[in-house]
Every structure is written in C-alpha cells, then in structure tokens.
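Trainee: Supplied in structure tokens, the structure appears directly below.
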Amino acid sequence: MEVHNVDLTISAVAEKQYPNTQFPEIALVGRSNVGKSSLTNVLINRNKFARTSSQPGKTQTLNFYNIEDKLYVVDVPGYGYAKASKASREKWGRMIETYLTKREQLRGVIALVDGRHAPTDDDVSMHNWLKYYNIPMLTVATKMDKISGGKWNKQESLIKKTLQLDSNEPLILVSALTKTGKNDVWRWIEGRMKR
Ligand code: GTP
Ligand code: MG
C-alpha cells in the first residue's frame with residue numbers, strides 16, 4: 001500500500017479505548033526489543049513515528065496506527081522483558097490476551113522473532129498460542145542486516161525448525177535498516193485485508 005497519511009489514534013490499555021471503527025486490524029507481537037515499533041515505521045514510511053529504543057520495554061500500550069483510514073496496525077508491548085515485575089507481566093498478559101482473542105476487527109498477527117538467534121521459548125509459546133486460537137499469522141525475522149547474506153538460509157531453517165512452521169506458514173526476513181522484506185510484508189497484510 002502507498003502510505004501517506006498515518007495517525008496514532010490511541011494508546012490503549014483497556015477494551016473500551018479501542019477505536020470504534022470497522023477497519024481491519026493487524027497486530028505486531030514479539031519479544032521486547034525485537035523490532036516491532038521499528039517495523040511499524042518501515043511499513044508507514046516514517047523514521048520515528050512509532051517510538052523505538054535500544055532499551056527493552058519501550059512500548060507499554062496497544063498503539064493503534066490508523067493508515068489511510070483503511071487499516072489499523074497495532075503495535076503491541078513486547079514479552080520476555082526480564083526486568084518487568086511479575087505484576088506488570090500479568091497485566092501485559094491480560095491486556096494482550098483480551099485484544100487478541102476478543103477483537104473482531106483483528107485479521108491477523110505478525111509475529112516477530114530476532115533473525116540473529118533461534119526463537120526463544122517465549123516465541124515458541126506465542127506461536128503455539130496463536131495457532132491454538134486459529135489467528136492467521138505471519139512470522140517475520142528481524143534485524144537481518146546484522147547477518148551476512150551467506151547465513152540467511154541457515155537462519156531461515158533454524159527459525160522454521162524451532163517454531164515447527166508448516167510449509168504453508170509464511171516466514172519473511174526483514175530489516176528496518178535496509179527495508180528488506182517490506183513489500184512482502186505489505187503483500188501479506190493486503191491479502192488479509194481482503195478477507
Ligand atoms: P518494545 O517496544 O520494547 O517491545 O521493543 P520493540 O519490539 O518495539 O523494538 P524497537 O523497534 O524499539 O527496536 C529495538 C532496538 O532494535 C532499537 O534500537 C532498534 O533500532 C533496533 N532495531 C530494530 N529493528 C532493527 C533492524 O532491522 N536492524 C537493526 N540493525 N536494528 C534494529
Ligand atoms: Mg516498541
């Protein structure tokens with residue numbers, strides 16, 4: 001999609017704050033610091049619209065980005081943030097579970113994993129959880145600019161194997177730096193918007 005107009009409609013923590021629209025929604029989930037907000041910026045052609053940080057735990061709310069009055073991309077707080085208290089982890093769990101299981105406008109989830117490493121146990125749990133709830137999912141491996149081209153195939157196989165991706169489950173390798181994979185991610189989103 002050609003993106004010109006983007007607006008952060010709301011940073012929500014509760015259901016009653018979700019936008020009252022019928023636009024399709026795509027959520028980004030993944031470990032804290034994996035690059036969800038950075039990928040949001042790539043998708044909307046902005047450098048610093050969604051706030052990013054080298055410190056994990058930057059995004060703390062469900063951030064609804066209205067794109068061209070056609071679609072919401074929802075940037076979700078990350079999991080697996082070691083310094084988070086048990087209470088805040090439970091709060092995160094409830095907030096995200098409510099959104100992912102109840103939101104009728106949700107058409108799919110982009111599940112991010114760090115392309116440099118094997119997916120973590122939390123990544124595997126998230127993947128299985130989304131599958132259990134039959135939520136259409138695109139797996140995206142981030143930070144691929146940090147890996148030499150010769151190792152991409154090996155990383156791709158490692159990610160597919162660790163997450164036990166079926167051959168029909170899509171995986172796209174991306175970089176927020178070089179914008180690799182951006183068009184493929186958009187194609188998947190546009191496919192989901194048609195349903
Ligand atoms: P939380 O909001 O804490 O859940 O993190 P997040 O998943 O939104 O991560 P964020 O986009 O803030 O990125 C975390 C750090 O990784 C930042 O320092 C980014 O600049 C960096 N980063 C994200 N994507 C890439 C990428 O593709 N390549 C490189 N080299 N760095 C990246
Ligand atoms: Mg973030």
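Matching residues to (1) buried (at least 22 other Cβ atoms within 10 Å of the Cβ); (2) within 12 Å of ligand 2 (Cβ to nearest atom); (3) free of Cβ contacts under 8 Å to residues at least 40 places away in the same chain:
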{"position": "VAL29", "(1), (2), (3)": "yes, yes, no"}
{"position": "SER32", "(1), (2), (3)": "no, yes, no"}
{"position": "THR40", "(1), (2), (3)": "yes, yes, yes"}
{"position": "ARG51", "(1), (2), (3)": "no, yes, yes"}
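Trainee: Give the residue, chosen from THR142, THR101, that is within 14 Å of LEU28 (Cα to Cα) and of a type in the set (S, T, N, Q).
Mentor: THR142
Trainee: In addition: Please work out which residue is farthest from ligand 1 (Cβ to nearest atom), limiting yourself to segment 68-88 and to residues that are assigned to a loop (DSSP other than H, G, I, E, B) and among the hydroxyl-bearing types (Ser, Thr, Tyr).
Mentor: SER85
Trainee: Within segment 89-106, which residues are assigned to a helix (DSSP H, G or I), surrounded by 14 or more Cβ atoms within 10 Å (Cβ to Cβ) and among the basic types (Lys, Arg)?
Mentor: Within segment 89-106, LYS91 is the sole residue that qualifies.
Trainee: Quick check on segment 107-125. Is at least one of its residues acidic (Asp, Glu), over 21 Å from ARG89 (Cα atoms) and either in contact (Cβ under 8 Å) with a residue 40 or more places away in the chain or surrounded by fewer than 16 Cβ atoms within 10 Å (Cβ to Cβ) (or both)?
Mentor: Scanning segment 107-125 turns up no residue that is acidic (Asp, Glu), over 21 Å from ARG89 (Cα atoms) and either in contact (Cβ under 8 Å) with a residue 40 or more places away in the chain or surrounded by fewer than 16 Cβ atoms within 10 Å (Cβ to Cβ) (or both).
FYI, it's all coordinate maths here, none of it is from the lab. Source: prediction; values computed, not measured. Neighbour counts are summed over all protein chains in view; Cβ atoms, including those assigned to glycine, are modelled from backbone coordinates with ideal geometry.
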